[in-house]
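What follows is one structure encoded as structure tokens, with my remarks underneath.
Just so it is clear, none of the values below were taken in a lab; they were calculated from the coordinates. Fair warning: this is a prediction, and the values are worked out from it, not measured in the lab. Counting neighbours? That spans all protein chains shown, and the Cβs are built from the backbone with ideal geometry, glycine included.
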Amino acid sequence: MLRNVTAGPASIVASIISTIVSVVLEYLNYCSLGWVFLHREQSAFKSTCDGAVIYFQNWKTLMKNAGKVIAITIISLAIVGGAFFGLFYLVLGGIEPLTSVLADIDATATFEDGTAVPAGTSLIVLCAIIALILWGGIHGAFVKPYLLVSVMRRYIEAGRASTPQIDVYEKLTGMSKGFRKALDRAQGEAAPAT
């Protein structure tokens, strides 16, 4: 029995927002780490906090770049993933023992409301899974590093043109326990030992 085959609009929007936040936070981690390496003269915790503040201070510039990242990812998925899907659909669709097994699965499967699963659904799902796995490997090996370098370049340019602002420190301290802990640690390292 297939469950939750169709998601509601709110679930889809929540999933998209969650994915975007995940991408933004992933790049925040990389950019903050890059900022630590650029500022070896100060504590790693101080550099991490400065890096996060710089990231959020320049959110407009970085969000434009994030939009490009998401667009390139979607285009990559459509072209490369679509090519893999088409290739496997043609190849696997011509293998008679496989198609008969998948046809039997489709014939016996029903949705939660009792309606029958359309013929060919199992082949489509199988090809989509294989295409996504292969696209993920190619995207992770070739496209994602290029995008990361692009984001980091924009981040470093924006960071060198600005200094961390106190009000952004205060906002991030109120919003993130992790940021607050890193800031406390940075301030603890800066305090003179007695």
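Tabulated data for the structure shown
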quantity	calculated
Segment 33-128, dipole about Cα centre (Lys/Arg Cβ +1, Asp/Glu Cβ -1), debye to the nearest 20	860
Within segment 130-194: Cβ-based charge dipole about Cα centre, in debye rounded to nearest 20 (Lys, Arg +1; Asp, Glu -1)	160
Sites residue 180 and residue 111 - FRET efficiency at Förster radius 45 Å, r taken between beta-carbons, to 0.05	0.40
Simple spin-label estimate for residue 33 and residue 92 in nanometres, 7 Å along Cα-Cβ	3.3
Cα lying deepest toward the dipole's positive end in the chain, options 84, 138, 105, charges on Cβ	138
Residue 165 long-range amide H proximity, modeled H, under 5 Å	none
Only Lys, Arg (+1) and Asp, Glu (-1) charged, at Cβ; the chain dipole about Cα centre in debye	900
